[in-house]
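The values are calculated or read from the model by the stated rules, or taken from the named source; none is laboratory data. Predicted model only: the values in this text are computed from it and were never measured. Quick reminder, even Gly has a Cβ in these numbers, built from the backbone with ideal geometry, and neighbours come from all protein chains shown. Quick note on the areas: whole protein, heavy atoms, side chains included, nothing else; ligands and nucleic acids left out. Shrake-Rupley method; radii C 1.70, N 1.55, O 1.52, S 1.80 Å.
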Amino acid sequence: MGMIHVVGTGPGAVASITPEAVGCIQDSDIVIGYSTYLDLIEPYLDGKKVISSKMMQEVQRCNTAFDEAEKGAVVTMISGGDPGIYAMAGLIYEIAAERDTDVSINVVPGLAALNSCAARLGAPLMHDFVAISLSDLLTPMELIEKRIEAAASADFVIVLYNPKSKRRTAHIEKAQEIISKYRDSDTPVGIVTAATREHETVVVTTLKDMLAEEINMQSCVLIGNSSTFTWRDKMVTPRGYKDKYSL
């Protein structure tokens, strides 16, 4: 019986992949993943059997991984970012339970999109925050709206994943509408697209003006809380040190 490494490769740059992730890839017989993510780690794929597939084929990829591992192979399942955040680790375990398999599973964390995007913006996640995906492929929009409402009313910093696609353009508008009920119109908003990649863009704007900026499926939108401020081109959410200690 083989094993499956569920590996997070970070936001895209080869330099952002952890040594543990590289070691798992190098020790594997087979590497499986979404074609775009595999392209980003091409330097580590020499000599490996590579199984590539398109979006919307996640279940097929996982079943293929188990088919190969149950025959004795060591398989790496590639996830962008961190495999446990909107990625492949959960599905791997769901299918493992369904198959009642004896394949060993090793989840290897990666640098999540929200980490790399926050770093580009300064320090927007220094206090409590919430990550919400605006994709309604797997979650009803009614539930997404309830979660946005709850996060906004509780003054969390909000990170929006999958904010806008070519066909799904209204969800980000609805998110702005809901959040605007609880936040000042000048609340800082950061938009990072393709973090760490060659075509990376970083924009700091405001809640009222955010929809004027380019936003797509490679973007993360970070919306500050009531304390978040901008300094030069950075966003800062105070942790509370200034109120407790002398700076």
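Tabulated values for the structure
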item: Local electrostatic count at Val202 - Lys and Arg +1, Asp and Glu -1, tallied over other residues with Cβ under 9 Å; result: -1
item: Pair Asn63, Met217: separation of 7 Å Cα→Cβ label points (nm); result: 2.2
item: Per-residue SASA entry for Tyr34, accessible area with 1.4 Å probe, Å² rounded to 10; result: 50
item: Label of the coordinate-derived value, semi-axes √(5λ) of the Cα gyration tensor in Å, listed as (1) 36, 19, 17; (2) 29, 20, 17; (3) 24, 20, 18; result: (1)
item: Given Lys54/Lys174; Lys174/Lys208; Lys48/Lys71; Lys146/Lys234; Lys48/Lys164, the pairs whose alpha carbons are separated by over 24 Å; result: Lys54/Lys174; Lys146/Lys234; Lys48/Lys164
item: Cysteines having no other Cys beta carbon under 4.7 Å from their own, within the chain; result: Cys24, Cys62
item: Sparse-neighbourhood loop sites, chymotrypsin sites (Phe, Trp or Tyr not before Pro) in the range 183-247 - DSSP loop, at most 14 other Cβ within 10 angstrom; result: Tyr245
item: Percent antiparallel among DSSP beta bridges (both partners in the chain, rounded to 5); result: 40
item: For the range 4-108, share of DSSP beta bridges that run antiparallel, in % to the nearest 5; result: 5
